[in-house]
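Below you'll find the structure, written out as structure tokens, and then a few comments.
The values are calculated or read from the model by the stated rules, or taken from the named source; none is laboratory data. Everything numeric here is computed off the predicted structure, so don't read it as measured data. Cβ coordinates were reconstructed from backbone atoms using ideal geometry, including for glycine residues, and neighbour counts include every protein chain displayed.
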Amino acid sequence: MTGGWAPEHAVTAEEAAALIAAQFPRLAPPRVEPFGEGFDNTIFRVNEKWVFRFPRRALAAELLRTELRLLPELAGRLPLAVPEPVYIGSGGNGCPWPFAGFTLVAGSVPETPTRAQRLASAEPLALFLRELHGFPAAQARELGLRPDTLGRLDLAKRRPMLEANLLALEEAGPWAGAAAALDFARGSGAHGPAARPHAPAVVPVHGDLHLRNLIADGEGRVCGVIDWGDAHLGHPAIDLSIAYAFLPPEGREIFFAAYGEADADTRRLARFKGVYTAVLLLRYARARGEADLAAAAEESVRLALE
């Protein structure tokens, strides 16, 4: 099963080292370590200080260009750390797309946070999103952010896709939350807000806010947000989904007290997006044999439905 995440081209560590050494002599000889990979990018830590991201598909290269314009404007303005682009590479030597080196956001991905750590992260996440969503939309548009063209909150489109992903997971093997998630998928169209062709383009959003794109400090409290490739102008519910997929119910009270109240439709859309993203992450983790990520994604589904 590829699930749509098989790369069009994946740069190896050796290729990355050669490209970095040739284009950024001050980093030579680069010490390149694999640092993970996602749907869109292969990631390396370089000289223990920088994070270099190499697109795995043509679409990701376009998204990277938007990040390179946006992140310098956001850095220092947001209450959580974000990566800042410092080195911008032009590809070559078999690498078909541009690549970039960013400041390393110190910390680790919070894949197994305790309930107390999740609660401690509720207010920082809320204040981060309040500031991001308050960034002037006109300025964001000038930096290259565009409206959602993927129908991320189009329930008529996404509800059948959620159900299909859940059925594919069920075929691959049982998991504790499968029945509840399937009930939710089959009922969300009737009990959620009216399906929209596209969510209205209203605020700048991160666009892909889930546990793999959060960074936590040594106390387990979220301190940074990475991977801005899906940033666009869209409905705030796209990002508010983190309140459901990462926080327990009492954490949502803290979250919305700090962020500001959201109407019932926005909350229902946010819950749907939280479940949808967590299920997709679970399918990805299972396909790649990443047991820790699979367990974290299952917990995200459970939380979103709690």
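Between S121, S108, which is assigned by TED's automatic domain parsing to the domain that holds F246 and closer than 20 Å to R212 by Cβ?
Answer to the selection: S121.
Return yes when P98 is within 28 Å of V203 (Cα to Cα), in contact (Cβ under 8 Å) with a residue 60 or more places away in the chain, surrounded by 15 or more Cβ atoms within 10 Å (Cβ to Cβ) and touching a Leu at 6+ places or on another chain (Cβ under 9 Å) and no when it is not.
no
With (1) surrounded by fewer than 16 Cβ atoms within 10 Å (Cβ to Cβ); (2) within 20 Å of P204 (Cβ to Cβ); (3) at pLDDT below 95 as the list, and E67 as the residue in question, which single condition is left unmet?
(1)
For residues in the range 29-42 being within 18 Å of S90 (Cα to Cα) and either modelled with pLDDT under 95 or not assigned by TED's automatic domain parsing to the domain that holds L64 (or both), which is surrounded by the fewest Cβ atoms within 10 Å (Cβ to Cβ)?
Within the range 29-42, the match that is surrounded by the fewest Cβ atoms within 10 Å (Cβ to Cβ) is D40.
Within the range 25-40, does at least one residue satisfy the condition of being under 23 Å from V109 (Cβ atoms), in a strand (DSSP E or B) and within 15 Å of the chain's Cα centre (by Cα)?
Checking the range 25-40: at least one residue is under 23 Å from V109 (Cβ atoms), in a strand (DSSP E or B) and within 15 Å of the chain's Cα centre (by Cα).
Within the range 128-144, identify whether any single residue is out of contact with any helix residue (DSSP H, G or I) (no Cβ under 9 Å at 6 or more places or on another chain), part of a strand (DSSP E or B) and under 28 Å from L59 (Cβ atoms), and answer yes or no.
Checking the range 128-144: not a single residue is out of contact with any helix residue (DSSP H, G or I) (no Cβ under 9 Å at 6 or more places or on another chain), part of a strand (DSSP E or B) and under 28 Å from L59 (Cβ atoms).
With respect to the numbered conditions (1) assigned to a loop (DSSP other than H, G, I, E, B); (2) crowded, with 17+ Cβ neighbours inside 10 Å, which one is the sole condition not fulfilled by T112?
Result: T112 passes all but (2).
Only one of S300, S188 is buried (at least 21 other Cβ atoms within 10 Å of the Cβ), at pLDDT below 95 and part of a helix (DSSP H, G or I); which?
Result: S188 is the single residue among S300, S188 that is buried (at least 21 other Cβ atoms within 10 Å of the Cβ), at pLDDT below 95 and part of a helix (DSSP H, G or I).
Is the range 164-171 home to any residue that is in contact with a strand residue (DSSP E or B) (Cβ under 6 Å, 6 or more places away or on another chain), in contact (Cβ under 8 Å) with a residue 60 or more places away in the chain and within 18 Å of L280 (Cβ to Cβ)?
No, there is no match, as no residue in the range 164-171 is in contact with a strand residue (DSSP E or B) (Cβ under 6 Å, 6 or more places away or on another chain), in contact (Cβ under 8 Å) with a residue 60 or more places away in the chain and within 18 Å of L280 (Cβ to Cβ).
So, in the range 234-286, of the ones that are among the aromatic types (F, W, Y) and assigned to a helix (DSSP H, G or I), which residue ends up surrounded by the most Cβ atoms within 10 Å (Cβ to Cβ)?
Filtering first and then ranking leaves Y244.
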